[in-house]
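Take a look at the structure set out below.
The values are calculated or read from the model by the stated rules, or taken from the named source; none is laboratory data. Model, not experiment: these values are computed from the prediction. Heads up, the Cβs are rebuilt from the backbone with ideal geometry, glycines too, and the neighbour counts pull from every protein chain shown.
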Amino acid sequence: MKVLNVGSKGYTQNIYLNKNFKEAQKQEAPAYENPISRKTERNLAILGALGGSAVVGAVVGGLTSCIPAVKGAKIPVLSGVAAAVIALALTLPSKLYHTAINAFAREKEMDIFSRDKALKANLTEEVHKEVLDPGVSLDKKLDDNLKLQTANRSAALLFNTMNPSN
């Protein structure tokens, strides 16, 4: 009986420790939420494919109604719907594939951009704290500030050399 009691205490303590650890992790680092949503990108691709196929269907239906041999309203409508379904079946898989790849790439780019921005903010804050600290020598303050400014300029120069449009 005591073994079960000790085991249950250990189990409840482990659950308590796990909950506290998870809560501490949440409080320690604010969760970064990427603004790029794969689900939204996929839904927009589906809407675009539906809109494009509807335009193709309307054009085919309109062209079919202009043929003098076709009489009645059913044949142009049916041909337009068939053309729209065929266009959707041919374009939707490709759009979904390319949208998934592009959304993944954009997510990674946004992660890199946001982490770089956070890193620069932290470095700038550290340099600022160092400047305000009276115990640090002036040479060290100037040296660290110069390093920070050089790093910011080199990133800008690297960006400018990668964009030959200037």
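Taking A83, is it in a helix (DSSP H, G or I), within 30 Å of K39 (Cα to Cα) and modelled with pLDDT of 80 or more?
yes
Provide a single number: the residues in segment 117-139 that are surrounded by 12 or more Cβ atoms within 10 Å (Cβ to Cβ) and either more than 30 Å from N34 (Cβ to Cβ) or in contact with a His (Cβ under 7 Å, 6 or more places away or on another chain) (or both).
Going through segment 117-139 one residue at a time, the tally reaches 3.
Considering only residues of segment 86-116 that are polar (S, T, N, Q) and over 17 Å from K39 (Cα atoms), which is surrounded by the fewest Cβ atoms within 10 Å (Cβ to Cβ)?
Among those residues, the one meeting the criterion is S114.
Here is a list: K22, K71. Which entry is of a type in the set (K, R), surrounded by 10 or more Cβ atoms within 10 Å (Cβ to Cβ) and either modelled with pLDDT under 80 or within 30 Å of H98 (Cα to Cα) (or both)?
Selected residue: K22, the only one of K22, K71 that is of a type in the set (K, R), surrounded by 10 or more Cβ atoms within 10 Å (Cβ to Cβ) and either modelled with pLDDT under 80 or within 30 Å of H98 (Cα to Cα) (or both).
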